[in-house]
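Here's the structure we're looking at; comments come further down.
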Amino acid sequence: MGKSRLDSAFKFEFYKIDTFSFRSANMVDVVEFTGVINPEEWKVAYAFRDPIYFEKLNKYIGGLDIQLKLYAETNDAEAETSACEEDDTIKEILHLEAGIVGTFALGENSFSESQIENLVTLQIPSILMPYLRAAVSSFLCSGGWLNAPLPLLNVYEMAKHADITIRKQ
């Protein structure tokens, strides 16, 4: 039987987690928490980075950022000593921001302009999100937040409705 090989003209080459920030509240209830966090309790914000096309290299670099926040009610003793935002009984107990960037190569004369736009604006975030999700989940687990499943996001659908502009360099 002969060898079969299928090469993609749109190649995901490398990625890096390029931003990461985390803080949690220093409260006894938070530090000693061992339960499961309901994924629906996360407050999630995301941003798609405008991809950049490097013409000389025939490569794109694109990325996305995510922000996760978790709030909880505080008990009376801790509420007196904590800096709360709007409501003295609600406190941000976890705040995480992370970003990822990746490079993608494009084969010569492989795609039409509309296909390239679709690949770059929709597929890049969709390809990168699982890597970002894994990094965030791994960090949370290693940091003692053992049962903190992240909410599922339909990145492809979100990217379809985002204002993403391909820039050239």
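For the stretch 83-142, the set of residues classified as in contact with a Ser or Thr (Cβ under 9 Å, 6 or more places away or on another chain), of a type in the set (Ser, Thr, Tyr) and surrounded by 17 or more Cβ atoms within 10 Å (Cβ to Cβ) consists of Thr121 only. Inclusion of Leu153 among residues that are at pLDDT below 95, under 14 Å from the mean Cα position of the chain (by Cα) and under 30 Å from Phe33 (Cβ atoms) is warranted. One residue is enough: does the stretch 7-24 have a residue meeting the conditions aliphatic (A, V, I, L, M) and under 25 Å from Glu113 (Cβ atoms)? Yes, there is a match, as at least one residue in the stretch 7-24 is aliphatic (A, V, I, L, M) and under 25 Å from Glu113 (Cβ atoms).
Within the stretch 148-169, the set of residues being loosely packed, with under 12 Cβ neighbours inside 10 Å and assigned to a loop (DSSP other than H, G, I, E, B) comprises Leu152, Asn154, His161, Asp163, Thr165, Gln169. Against the conditions (1) modelled with pLDDT under 95; (2) in contact with a helix residue (DSSP H, G or I) (Cβ under 7 Å, 6 or more places away or on another chain); (3) more than 16 Å from Phe20 (Cβ to Cβ), Phe104 satisfies every one except (1).
Anything in the stretch 90-112 that is closer than 17 Å to Lys59 by Cβ and of a type in the set (Asp, Glu)? List them, or say none.
Glu108
The rows are residues; the columns are (1) modelled with pLDDT under 90; (2) farther than 24 Å from Glu157 by Cα.
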residue: Lys3; (1), (2): yes, yes
residue: Phe48; (1), (2): no, no
residue: Phe54; (1), (2): no, yes
residue: Gly62; (1), (2): no, no
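With respect to Leu128, is the statement that it is in contact with a Gly (Cβ under 6 Å, 6 or more places away or on another chain) and either touching a residue at least 24 places away in the same chain (Cβ under 8 Å) or part of a helix (DSSP H, G or I) (or both) true? Answer is yes for this residue.
The values are calculated or read from the model by the stated rules, or taken from the named source; none is laboratory data. None of the values given here were measured: they were computed from a predicted structure. Heads up, the Cβs are rebuilt from the backbone with ideal geometry, glycines too, and the neighbour counts pull from every protein chain shown.
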